[in-house]
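The values are calculated or read from the model by the stated rules, or taken from the named source; none is laboratory data. Quick caveat, the model's predicted, so the values are computed rather than measured. Counting neighbours? That spans all protein chains shown, and the Cβs are built from the backbone with ideal geometry, glycine included.
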Amino acid sequence: MDLIFASRHESQPQEWVRVLQQALPSDSIRLWDPRSATGTAQAAVVWEPPAELFQREPHLKYLFNLGAGVDALLQMPDLPQDLTIVRVEDGGMADQMAEYALYYLLKESRGFGRYAEQQKQSRWHRLAATQREQWPVGVMGAGHIGARVASLFVGLNYPVAVWSRTGRAVAGAQAYGGDPSLGAFLAQTRVLINVLPLTPETQGILCQRTFEQLRPDAYLINMARGGHLIESDLLAALESGRLRGAALDAFVHEPLPVSHPFWAHPRIQLTPHAAGISLVEQTVHQIADKIRALGRREAISGVVDRTRQY
């Protein structure tokens, strides 16, 4: 297969090409350059691809996206309708994102942030112990990443519920499906973890109405997309005490503008869209397996349903 790697922002493009060539030695793999584009590529591995890619490569059949989310890709104006888009289902991201969620939950529930402040003051003061039952976890999203996040907390004996469009089950967690069950899911959740895909249905789902239905003193962890969050509603919920805090990894505008109020807010923790980063070896292994399966005319997982937008 004639395969190209195309990205506007990936910092190690040659490394991706090298590892792809090792995994698929019989295929032609090259770094895409618009100045020398041949127009013969059949498949592309992309992350935020250049806008002219689809005009210059009219024979593309498959597009492998390095991330799990494809919302930005689907909004590209020249994206061919007959192009099969395949998302990376993990690539090492699921474990990283589960660790991210666990870190911020423990920082809140065990008071590690307060201990760090006490250390600056040379203050010795032990906080009261808490039990896991006091911190029920609710995961929004039951795909590969959501299931991994939920499973981690199940394994640590936290009360765990999972909400998704379909109500997909995760072993050991209570499953909720569809809009009618969202209120019941939120009512039992104190730590809300969002890993939903961004679609027209989930745009702005982290809003005042959602926050008001959570258990008192709730905490928000958003590892999905900035478009899920109504920023003004979060600030209001923190001001009123409805939420105790938030850990945010994704934003509508990235990089986050230096003037944004989130930077200086004492109860918001920010990370630069780093909760889960695609690892080269793991991601390439998954892509190579799919390409070999396509060569055998076998069905593959991860194909994006454009009507659902994930």
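For Ala41, are the conditions met, namely being more than 21 Å from the chain's Cα centre (by Cα), at pLDDT below 95 and buried (at least 16 other Cβ atoms within 10 Å of the Cβ)?
Working: more than 21 Å from the chain's Cα centre (by Cα): yes; at pLDDT below 95: no; buried (at least 16 other Cβ atoms within 10 Å of the Cβ): yes.
Against the criterion (more than 21 Å from the chain's Cα centre (by Cα), at pLDDT below 95 and buried (at least 16 other Cβ atoms within 10 Å of the Cβ)), Ala41 does not qualify.
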* To do: Of all residues in the stretch 245-287, count the ones that are closer than 17 Å to Leu235 by Cα, touching a residue at least 40 places away in the same chain (Cβ under 8 Å) and in contact with a helix residue (DSSP H, G or I) (Cβ under 6 Å, 6 or more places away or on another chain).
  => 1
* Please work out which residue is surrounded by the fewest Cβ atoms within 10 Å (Cβ to Cβ), limiting yourself to the stretch 251-301 and to residues that are polar (S, T, N, Q) and closer than 27 Å to Ala116 by Cα. => Ser259
* To do: Being touching a helix residue (DSSP H, G or I) at 6+ places or on another chain (Cβ under 6 Å) and outside any helix (DSSP H, G or I) is the filter; apply it to the stretch 203-215 and report the residue that is farthest from Gly67 (Cα to Cα).
  => Leu214
* Asked: Is at least one residue of the stretch 97-105 over 30 Å from Ala288 (Cβ atoms), assigned to a helix (DSSP H, G or I) and without any contact (Cβ under 8 Å) to a residue 24 or more places away in the chain?
  -> yes
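When you look at Arg168, is it touching a Lys or Arg at 6+ places or on another chain (Cβ under 7 Å), basic (Lys, Arg), assigned to a loop (DSSP other than H, G, I, E, B) and at pLDDT 95 or above, yes or no?
Details: touching a Lys or Arg at 6+ places or on another chain (Cβ under 7 Å): no; basic (Lys, Arg): yes; assigned to a loop (DSSP other than H, G, I, E, B): yes; at pLDDT 95 or above: yes.
So Arg168 fails the test.
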* **Criterion: buried (at least 17 other Cβ atoms within 10 Å of the Cβ) and in contact with a Phe, Trp or Tyr (Cβ under 7 Å, 6 or more places away or on another chain) - qualifying residue of Arg225, Arg190** => Arg190
* How do the pairs read when you match residues in the stretch 5-28 that are assigned by TED's automatic domain parsing to the domain that holds Pro49 and farther than 14 Å from Gln282 by Cα with residues anywhere that are of a type in the set (Ser, Thr, Tyr) and surrounded by 13 or more Cβ atoms within 10 Å (Cβ to Cβ), using Cβ under 8 Å and keeping only pairs 6 or more apart or on different chains? -> Pro13/Ser7
